[in-house]
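**Student:** Below are the structure tokens for one structure; questions will follow.
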Ligand code: SME
């Protein structure tokens, strides 16, 4: 249950992330390490990764977890809906989300945060958990803060949209 989880110090984690991204300008390397750091430091999830917007669909990018569906149309599933609305979706029970796309039957809750770089939608960060109601308002604020640090670093990257990754 989420109340028994060790608390994540999102402030410290955000500082770690900023330091990790500061000296590297390659967007792919920074994306891979962003996903790796969050996967290692945020407990109780079974999949964490990025989907990148290509034309009108999201395509699988750097992630950690089991192999996942590769393409998600805008407006479909939790990821496509968050991308289309450009707003974070925190789903306490994925079975209550009518259009949820099942990549791993073990997933029970998830949070999807849009990644916006220079006003353009780059894609989304998707975190799935095997626990129901895993993500709290505190987690949402913390993960959004981490995404802001990541997208700010990408703005300085040598790879620019749309050739990201
Ligand atoms: N849960 C997502 C699909 C992606 S996988 O879970 C990795 C969704 O419904 O959008």
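**Student:** Name, by its number, the condition in (1) away from the ligand (no atom under 12 Å from the Cβ); (2) modelled with pLDDT of 95 or more; (3) over 17 Å from residue 57 (Cα atoms); (4) surrounded by fewer than 18 Cβ atoms within 10 Å (Cβ to Cβ) that does not hold for residue 130.
**Tutor:** (1)
**Student:** Considering only strands (runs of 3 or more DSSP E) fully contained in segment 66-156, which possess at least 3 residues that are in contact (Cβ under 8 Å) with a residue 40 or more places away in the chain and touching a helix residue (DSSP H, G or I) at 6+ places or on another chain (Cβ under 9 Å)?
**Tutor:** Those strands (runs of 3 or more DSSP E) span 120-129.
Conditions (1) in contact with a strand residue (DSSP E or B) (Cβ under 6 Å, 6 or more places away or on another chain); (2) surrounded by fewer than 14 Cβ atoms within 10 Å (Cβ to Cβ); (3) not in a helix (DSSP H, G or I), marked per residue:
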site: 7; (1), (2), (3): no, yes, yes
site: 11; (1), (2), (3): no, yes, no
site: 15; (1), (2), (3): no, yes, no
site: 30; (1), (2), (3): no, no, no
site: 33; (1), (2), (3): no, no, no
site: 36; (1), (2), (3): no, no, no
site: 40; (1), (2), (3): no, yes, no
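**Student:** Count, please, the residues in segment 17-28 that happen to be in contact with a helix residue (DSSP H, G or I) (Cβ under 9 Å, 6 or more places away or on another chain), without any contact (Cβ under 8 Å) to a residue 24 or more places away in the chain and assigned to a helix (DSSP H, G or I).
**Tutor:** The total comes to 1.
**Student:** How many of the residues making up segment 32-46 are away from the ligand (no atom under 16 Å from the Cβ) and out of contact with any helix residue (DSSP H, G or I) (no Cβ under 7 Å at 6 or more places or on another chain)?
**Tutor:** 4
**Student:** Ok, one more. When segment 67-84 is examined, which residues are found to be more than 10 Å from the ligand (Cβ to nearest atom), within 15 Å of residue 116 (Cβ to Cβ) and in contact with a strand residue (DSSP E or B) (Cβ under 8 Å, 6 or more places away or on another chain)?
**Tutor:** 74
**Student:** Do we have any residue at all in segment 94-111 that's closer than 27 Å to residue 6 by Cα, modelled with pLDDT of 95 or more, surrounded by 15 or more Cβ atoms within 10 Å (Cβ to Cβ) and more than 13 Å from the ligand (Cβ to nearest atom)?
**Tutor:** No, segment 94-111 contains no residue that is closer than 27 Å to residue 6 by Cα, modelled with pLDDT of 95 or more, surrounded by 15 or more Cβ atoms within 10 Å (Cβ to Cβ) and more than 13 Å from the ligand (Cβ to nearest atom).
**Student:** Report yes if residue 49 is touching a helix residue (DSSP H, G or I) at 6+ places or on another chain (Cβ under 6 Å), within 13 Å of the ligand (Cβ to nearest atom), assigned to a strand (DSSP E or B) and closer than 16 Å to residue 151 by Cβ, otherwise no.
**Tutor:** For residue 49, the condition - touching a helix residue (DSSP H, G or I) at 6+ places or on another chain (Cβ under 6 Å), within 13 Å of the ligand (Cβ to nearest atom), assigned to a strand (DSSP E or B) and closer than 16 Å to residue 151 by Cβ - is met.
The values are calculated or read from the model by the stated rules, or taken from the named source; none is laboratory data. No experiment lies behind these values; they were computed from the predicted model shown. Reconstructed Cβ throughout: ideal geometry from the backbone, glycine too, with neighbour counts over all protein chains shown.
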